[in-house]
Amino acid sequence: MLRSSILVINYIKFNLNVIKFNLQTCLIILNICAVENLMQSRSLRKLAMRMRYYQMMKNDLYMTSTERLDLKVLAWTWETSAILLICLSHYLRAWEAWVAWEARASRNRAVDGQDEYYNIVLNFKEAVFGVEKEIEITRLESCGTCDGSGAKPGTKPSKCSTCGGQGQVVSSARTPLGVFQQVMTCSSCGGTGETFSPCNTCSGDGRVRRTKRISLKVPAGVDSGSRLRVRSEGNAGRRGGSPGDLFVIIEVMPDPVLKRDDTNILYTCKVSYIDAILGTTIKVPTVDGMVDLKIPAGTQPSTTLVMAKKGVPVLSKRNMRGDQLVRVQVEIPKRLSSEEKKLIEELADLSKGKTATSRR
C-alpha cells in the first residue's frame, strides 16, 4: 500500500514538472508575442494571468490531491488555448502580409486591354457569298507622348509618401473585442505605391481614344447574330498589357422573295392547273440569278422541288452549299369561260368513262 502511494506521488510530481516546463515555454512565447504587440488581446492577457496563478498555487502544501489534479487539468487547458491563439495570430499576420503583397503585385502587373464591339449590317447576298468591307472603329490606343506610362515626359515616378510605397494604408480602431485593423487602398497613388506627374495628353491613363479604319473580310455563309473576331484590334492594355480583340456583330437584312432556313433557301412559285397537269419549265430566282426549273407533269399542290446546291454556303466550308427548296402552288381559276368550261366537262366525262372501264 505504501509503495503504491509512493508511485502515485512520483507520477503526480513528474506530471507537475512536465506542466511546469510547458508553462515556462508558453510564458516565453507569450513574452515574445508581447514584444510583437500580440498581448493586446484580452484573452491572451487572461491566459497569462491564469498561468502565473497556477505557478503560485501549485506549491501550496495544503492542497489535496484532487485539487492538484483539477489544477493540472486547468493548466493543460490554458496552455493549449494559449498555443492555439498564438498560432492563429501568427497565421493571420502571415496571411495579411501575403494578401498585401499579392494585391500590390497585381496592381503593378500588366493589364490586358478590354475587347471592343462593332455592329455591321449586310444585305442578303453579301451574307450568302461573303464580302470585304472597310469599317471605322473608335478604340483606346497607347499614348505616344508618354509611351503608355501615363507620366509626363522627363519625369520619373517617386515613392508615395502616404503609404510608403506599399499601395495600402492601415487604419486601426479600438473595440470592446480588441484592436480592429482595416487595410485600404491608398487614395493618393491608387494602390500602385508610386506617384508621378500626369501626362498632358492622356491625363495619366497612358491611353488615348482614336479612330481607325480596318479592312474586314466577312466569310460566306454568315447569318444574323454571327460574331467575327479580329485579334489585337481592341483597346490597348495598361503597363504593357496585350490589346483586346475586336468583335464584329453581324445583322443580315431579309430578302423580299427568298427566305433562309439555315443553309437552305425557301421559295414559293405559282403555276396554273394546266401546267401542273401537263408539266412545264419556269424561271425561278436564286442567289445565283434566274434559273430554269422543270415542273413535272402531274405535280400536286404544295409539292416541294429541290434545286441542289443552290442554297447558302456552309460557314468555313465554301465548297459545301445547301439547297433551294421550291414549294409549288397550283392556281385554280375561280371563273371559266364557256369554252373552258365545256372542255373541262368533256375532260370530266372522259375521266368518268375511263374510271368505269377500269372497274370492269
- Item | Residue satisfying all of: in region 314-326; part of a strand (DSSP E or B) and surrounded by 18 or more Cβ atoms within 10 Å (Cβ to Cβ); farthest from the chain's Cα centre (by Cα) among these | V326
- Query: Which one is modelled with the lowest pLDDT, of the residues in region 239-291 that are of a type in the set (G, A, S) and under 34 Å from the mean Cα position of the chain (by Cα)?
  - Reply: G240
- Could you tell me whether I274 is touching a helix residue (DSSP H, G or I) at 6+ places or on another chain (Cβ under 9 Å) and more than 18 Å from A127 (Cβ to Cβ)? no
- Message: Between a residue in region 287-311 that is free of Cβ contacts under 8 Å to residues at least 24 places away in the same chain and over 10 Å from Q324 (Cα atoms) and any residue that is open to solvent by 80 Å² or more (accessible area, probe 1.4 Å) and not hydroxyl-bearing (S, T, Y), which pairs come within a Cβ distance under 8 Å, given they are 6 or more apart or on different chains?
- Response: M290/K283; V291/K283; D292/K283; A297/I277; A297/L278; G298/I277
- Note on the structure: The strands (runs of 3 or more DSSP E) lying wholly within region 247-313 that contain at least 1 residues that are open to solvent by less than 70 Å² (accessible area, probe 1.4 Å) and polar (S, T, N, Q) are 264-272, 280-286
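The values are calculated or read from the model by the stated rules, or taken from the named source; none is laboratory data. Everything numeric in this text was worked out from a predicted model, so none of it was measured. Using ideal geometry, Cβ is built from the backbone for each residue, glycine included, and neighbour counts are taken over all protein chains shown. Surface accessibility is based on the protein's heavy atoms, side chains included, excluding ligands, DNA and RNA. Shrake-Rupley method; radii C 1.70, N 1.55, O 1.52, S 1.80 Å.
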